[in-house]
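The values are calculated or read from the model by the stated rules, or taken from the named source; none is laboratory data. Please read these numbers as outputs of a predicted model, since none were measured by experiment. The accessibility values were calculated without ligands, DNA or RNA, using every heavy atom of the protein model including side chains. Shrake-Rupley method; radii C 1.70, N 1.55, O 1.52, S 1.80 Å.
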Amino acid sequence: MCMHLLKELSAEEREALLLQADLEKIEAIDESKDKYRKIVGAGIRKWVQDFQAGQIKIQTVDDLKKLVELDLQLQRDED
């Protein structure tokens, strides 16, 4: 919205627009976090499958640790 139109709005209308914009940003962030959690979950499942199949040896557990830490961080951010 251009500044000229913004100046014509009442304080309440400007506040409502700002709140709406903030809400849209929060919703977009939440959607992204949901997508990331799905990706991380798929990565964890794949790692476990590969480990069970003997394709991953125990010295590569750092990859799983990073995925789990990322998943936990995303969960904490949801609160």
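Values for this structure:
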{"read-out": "Rounded tilt (10° steps) of 61-78 against the dominant C-alpha axis of the chain", "value": "30"}
{"read-out": "Portion, in percent, of the accessible area of the chain that falls on carbon or sulfur, probe 1.4 Å", "value": "58"}
{"read-out": "Probe 1.4 Å, accessible area per residue of the chain, Å²", "value": "84"}
{"read-out": "Principal-axis tilt of helix 11-52 within the chain, Cα atoms, nearest 10 degrees", "value": "10"}
